[in-house]
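Structure, as structure tokens:
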Amino acid sequence: MSAGNKTFTVSWDLPIGIDASGKRAESDSMGSIEVPADRYWGAQTQRSLIHFSIGEDRMPKAVYHAYGTVKKAAAMLHKRAGRMDRRIADAIMHACEETIAGDLDDSYPLFVYQTGSGTQSNMNVNEVISNRAIQLLGGELGSKTPVHPNDHVNMGQSSNDTFPTAMHIAMVAALEDRLFPAVRQLADTIEGKAGGWIDRPKIGRTHLQDAVPLTVGQEWSGFGAQLRMALASIEHARDGLYALAVGGTAVGTGLNAPAGFSQAMADMIAELTGQPFTTAPNKFAAQGGLDATVAVMAALRGLAVVLMKIANDLRWLASGPRCGIGELKLPATEPGSSIMPGKVNPTQCEALVMICIQVIGLDNAVAFGGSQGNFELNAMRPSLINNVLQANRILADGCDMFCRYTVAGAELDDDTIDEHLERSLMLVTALSPEIGYDKAAEIAHKASEDGGTLKEATLALGYLDEDVFDRIADPAAMTGSGLAGA
């Protein structure tokens, strides 16, 4: 292959590593700038590192891996249609595969807080893939010959349509690969516990006060059902991510993209990822708004709400162990105090609650960012994808740790459960149909004032004999049958 008077040959065996010493000159429309010689990025990436060195949050590598899929799909289509030289396309695709695999992660350094369109991250990808392809073809890094970051790697594309496309690919992958398996495993483990404890009666609680009995299995079945419903909501929201903006280019009109490019890109990305991606039917909505991202984050918040309820319930039930509720025994994973010997705390529950609080806060940021679309572009994209991926990551990790180190090893304290059942005043509810509400209330008040049991108060008042009381106030008989309590 020739460019000008120079001939280039493809060499897939060239090492990825490059000169680790000094600088090299790269250029863009604003002129020349020095970049580290041991990285593949170019001028626009370097300018972003200078002007947007804000905080410690870097654009998630998952976005760049997803971008590798976008650029690979485009190169494949351009090659197939004869719009791009075969060897250039092959070199680009090879660099894309390295990007997808994470082999070039060191060359993707940009901070989250950058241009709101994600242009600098798109150009980071264009520059890295271009330079890596140039190297593979035996050219000089930074020369833009024979592979140009804009003319070749970005052909038929804009940051405005490819960044939201990469966002969607990254979010789907994060959900499918990490979050969904973690939530399903937690739900499975909880439901397994529920099945084993389905016939074990315990006292119920409403308003943090004693209530009528249910079984431990019934209580835990509620945890599992809540997780399943939250998971279904996330799966439903995920479906909105399948519609891709790519092909809309700058403002949604598709200017500079080949005819049929949007559909072809969606089909190719679906083939490369194994996910049912489609082309967004309205590119103006896909690029001017981030509604699918907002919906996914809202669904993640819903999961956080459920997980917080479960984590708090378990740590309340395990409180004590001698001066609290103490019906549940959680695994001891580490010492709980630097001053109190032998103290063990529900640390996994606490960590999960903190995760849930963080996710709820991230959802507020995503919702606000989603509302900031102006005309044909929402310029809050980097912040939104960073927040959603962070929420996904910590929820997945939290579910995994909580399942492994708390739920799986949780045990019942049967003596405490039995003691609470015996001392509960709310078993009196079952007496109402037999003796009436007023007499039942009188029994409960007497037992409370005397500090005795319901049976003792009932027998003292003469409202029922012992056999009838035992038959009616049987906790197991009061729990119904099955998980629905029917």
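The values are calculated or read from the model by the stated rules, or taken from the named source; none is laboratory data. All values derive from a computational prediction rather than experimental measurement. Cβ placement follows ideal geometry from the backbone for every residue including glycine, while neighbour counts extend to all protein chains displayed.
Looking at the range 317-328, which of its residues are surrounded by 13 or more Cβ atoms within 10 Å (Cβ to Cβ) and either free of Cβ contacts under 8 Å to residues at least 12 places away in the same chain or under 20 Å from residue 422 (Cβ atoms) (or both)?
317, 319, 320, 321, 324, 325, 326, 327, 328
Among the residues in the range 367-382, are any free of Cβ contacts under 8 Å to residues at least 24 places away in the same chain and basic (Lys, Arg)?
Among the residues of the range 367-382, not one is free of Cβ contacts under 8 Å to residues at least 24 places away in the same chain and basic (Lys, Arg), which makes the answer no.
Just give me the residues in the range 42-89 being assigned to a loop (DSSP other than H, G, I, E, B) and of a type in the set (Gly, Ala, Ser), in sequence order.
Result: 42, 53, 55, 82.
Can you pull out the residues in the range 27-41 that are surrounded by fewer than 18 Cβ atoms within 10 Å (Cβ to Cβ), touching an Asp or Glu at 6+ places or on another chain (Cβ under 9 Å) and not in a strand (DSSP E or B)?
37, 38 - these are the residues of the range 27-41 that are surrounded by fewer than 18 Cβ atoms within 10 Å (Cβ to Cβ), touching an Asp or Glu at 6+ places or on another chain (Cβ under 9 Å) and not in a strand (DSSP E or B).
List every residue pair whose Cβ atoms lie under 6 Å apart, where the two residues are 6 or more positions apart in sequence or sit on different chains, the first residue falls within the range 171-183 and is in the same structural domain as residue 393 (by TED's automatic domain parsing), and the second residue, located anywhere, is at pLDDT 95 or above and not in a helix (DSSP H, G or I).
Pairs found: 172/275.
I want to confirm something. Restricting to the range 333-350 and keeping residues that are surrounded by 18 or more Cβ atoms within 10 Å (Cβ to Cβ) and touching a Phe, Trp or Tyr at 6+ places or on another chain (Cβ under 8 Å), which single residue is farthest from residue 310 (Cα to Cα)?
Out of the qualifying residues, it is 348.
With respect to residue 191, is the statement that it is in a helix (DSSP H, G or I) and more than 27 Å from residue 287 (Cβ to Cβ) true? Before the answer, list the steps.
Numbers: in a helix (DSSP H, G or I): yes; more than 27 Å from residue 287 (Cβ to Cβ): yes.
For residue 191, the condition - in a helix (DSSP H, G or I) and more than 27 Å from residue 287 (Cβ to Cβ) - is met.
Can you name every residue in the range 414-468 that is farther than 30 Å from residue 331 by Cα and among the polar types (S, T, N, Q)?
Matches in the range 414-468: 429, 432, 448, 453, 458.
Exactly one of these conditions fails for residue 411: (1) over 30 Å from residue 333 (Cα atoms); (2) loosely packed, with under 12 Cβ neighbours inside 10 Å; (3) charged (D, E, K, R). Give me its number.
(1)
Let's see how each residue does on (1) aliphatic (A, V, I, L, M); (2) in contact with an Asp or Glu (Cβ under 6 Å, 6 or more places away or on another chain); (3) within 26 Å of residue 203 (Cβ to Cβ):
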site	(1), (2), (3)
307	yes, no, yes
313	no, no, yes
319	no, no, yes
332	yes, no, yes
338	no, no, no
360	yes, no, no
364	no, no, no
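Hey, among the residues in the range 329-374 that are in contact with a Pro (Cβ under 9 Å, 6 or more places away or on another chain) and among the aliphatic types (A, V, I, L, M), which one's farthest from residue 421 (Cα to Cα)?
For the range 329-374, the residue satisfying everything is 344.
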